[in-house]
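Visitor: Below is one structure. I have some questions about it.
The values are calculated or read from the model by the stated rules, or taken from the named source; none is laboratory data. All values derive from a computational prediction rather than experimental measurement. Counting neighbours? That spans all protein chains shown, and the Cβs are built from the backbone with ideal geometry, glycine included.
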Amino acid sequence: MASPLLCGQKNKGNSYMRAAVLSSLEDLQVRDDVKPASLGPYDVLVTMKAAGVCRTDLSAFTGSWPSQLPLVLGHEGAGKVAAVGDHVTFVRAGQRVILATLKGCGSCYHCLRGQSTLCTVNDVLAGGSTPRFLTDGAPTFGMAGMGTWSEQLVVSENNVVPFPDDVPYDIASLIGCAVHTGVGAVTNTVKVEPGASVVVIGGGGIGASTIQAARLVGAGLIVAIEPVAAKHASLKSFGATHVATPDELDDIKNELTFGRGFDYAFEAVGRPEAIRAAWDATRKGGSVVLSGIGGHGARVPFNAHELTMDAKRLIGSVGGMVDAGRDFPQYLELWKLGKLDLEGLITERISLADAPSAMLALNKGSDALRQVIIFD
């Protein structure tokens with residue numbers, strides 16, 4: 001039986017469009033024979049205006065985050081509502097919205113306990129299990145239940161957050177992953193105290209947002225660990241007091257903390273060696289927060305003695321444990337007040353046609369913080 005999303009009422013203007021489709025691993029092509037899924041009664045059709053290029057998309061591109069293929073990449077973005085289903089009351093056509101992968105349904109076990117990023121109804125945790133598009137007539141999935149590297153997409157009304165007309169689309173697009181994952185890890189997952197020492201491993205969009213949040217809450221030492229030297233100056237501008245490469249981490253820990261270790265370590269890469277380095281950089285009794293998405297087959301070596309006797313907290317942080325409806329507007333307000341530098345996160349604005357080369361560059365270790373696709 002066809003998916004209900006693919007046999008509902010017709011979208012307004014449901015003609016072919018362009019989208020970046022992953023047909024097989026590491027084979028991303030911009031195609032012009034794609035259609036968004038049909039609009040259901042509780043769905044929203046969004047015309048995309050800006051979409052971020054994220055390492056999570058790279059995880060799907062390489063297969064470390066298993067996803068069903070073919071797949072339209074992209075899960076971070078902002079656009080304008082083109083049409084709404086018959087029963088939608090939350091938004092209306094013409095409104096600007098941020099795509100919110102982790103907003104949650106509001107009524108499942110986890111949502112009712114204030115853990116909407118763990119929503120059991122939300123499609124994102126399965127990597128996107130429902131077809132969101134048709135490519136040459138074939139059902140096609142959307143990255144994390146989205147697929148923002150497309151000119152239009154259909155999502156549930158639960159997966160959008162309206163934002164004001166005076167906020168540019170490229171700025172708003174960053175809120176939907178990089179910003180909420182990094183800022184939320186600091187303010188929601190562990191609530192870093194003023195004066196605490198912090199080390200952030202990984203200086204991409206999430207790491208840079210984590211650094212900014214640590215500065216905002218008044219952390220003392222804020223050390224950024226990033227192998228690409230070209231990023232170091234930017235990370236200092238965001239609030240890092242010190243920047244080092246991974247092979248310098250032990251030395252800087254010993255120098256700045258007298259060998260004790262940092263109060264908090266934030267890992268924003270998702271690789272076993274980075275997770276282990278975050279653990280080793282944290283003091284006894286400190287907290288290790290994992291924001292990077294690792295592969296299902298990756299293993300991190302720990303011994304049972306240290307897990308107990310070091311008394312460290314090892315905490316998974318899914319999307320910064322945000323409440324999208326509450327936190328997204330707050331982040332935009334912080335940007336308006338000059339307390340969050342979102343412009344500085346954007347290192348390049350590209351077109352949809354550039355998406356395949358952007359993905360390849362990220363796979364090779366790009367020095368970009370955030371590339372943003374701008375739609376015409």
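Visitor: State which residue is surrounded by the most Cβ atoms within 10 Å (Cβ to Cβ) when the search covers only segment 233-265 and only residues that are outside any loop (DSSP other than H, G, I, E, B), aliphatic (A, V, I, L, M) and out of contact with any Leu (no Cβ under 7 Å at 6 or more places or on another chain).
Guide: 265
Visitor: Within 17 Å of the chain's Cα centre (by Cα) and of a type in the set (Gly, Ala, Ser) - does that describe any residue in segment 327-342?
Guide: No.
Visitor: Return the residues of segment 135-150 that are in contact with an Asp or Glu (Cβ under 9 Å, 6 or more places away or on another chain) and surrounded by fewer than 22 Cβ atoms within 10 Å (Cβ to Cβ); say none if nothing qualifies.
Guide: Within segment 135-150, 135, 136, 137 meet the criteria.
Visitor: Here's another thing I want to ask about it. Mind checking which residues of segment 236-279 are more than 27 Å from residue 54 (Cβ to Cβ) and not basic (Lys, Arg)?
Guide: Those that are more than 27 Å from residue 54 (Cβ to Cβ) and not basic (Lys, Arg): 250, 251, 252, 254, 255, 256, 257, 258, 259, 261, 263.
Visitor: Same structure again: Report, by residue number, each residue of segment 160-175 that is in a strand (DSSP E or B) and among the β-branched types (Val, Ile, Thr).
Guide: 160, 161 - these are the residues of segment 160-175 that are in a strand (DSSP E or B) and among the β-branched types (Val, Ile, Thr).
Visitor: Only residues that are in a loop (DSSP other than H, G, I, E, B), of a type in the set (A, V, I, L, M) and either more than 25 Å from residue 34 (Cα to Cα) or more than 16 Å from the chain's Cα centre (by Cα) (or both): list them for segment 66-101, please.
Guide: Matches in segment 66-101: 69, 88, 91, 93.
Visitor: Would it be correct to say that residue 30 is at pLDDT 95 or above, within 15 Å of residue 145 (Cα to Cα) and either outside any loop (DSSP other than H, G, I, E, B) or not assigned by TED's automatic domain parsing to the domain that holds residue 128 (or both)?
Guide: Criteria not met by residue 30.
Visitor: Considering segment 192-214 alone, what residues qualify as being buried (at least 24 other Cβ atoms within 10 Å of the Cβ), under 22 Å from residue 260 (Cβ atoms) and either of a type in the set (A, V, I, L, M, F, W, C) or without any contact (Cβ under 8 Å) to a residue 40 or more places away in the chain (or both)?
Guide: Within segment 192-214, 192, 198, 199, 200, 201, 211, 214 qualify.
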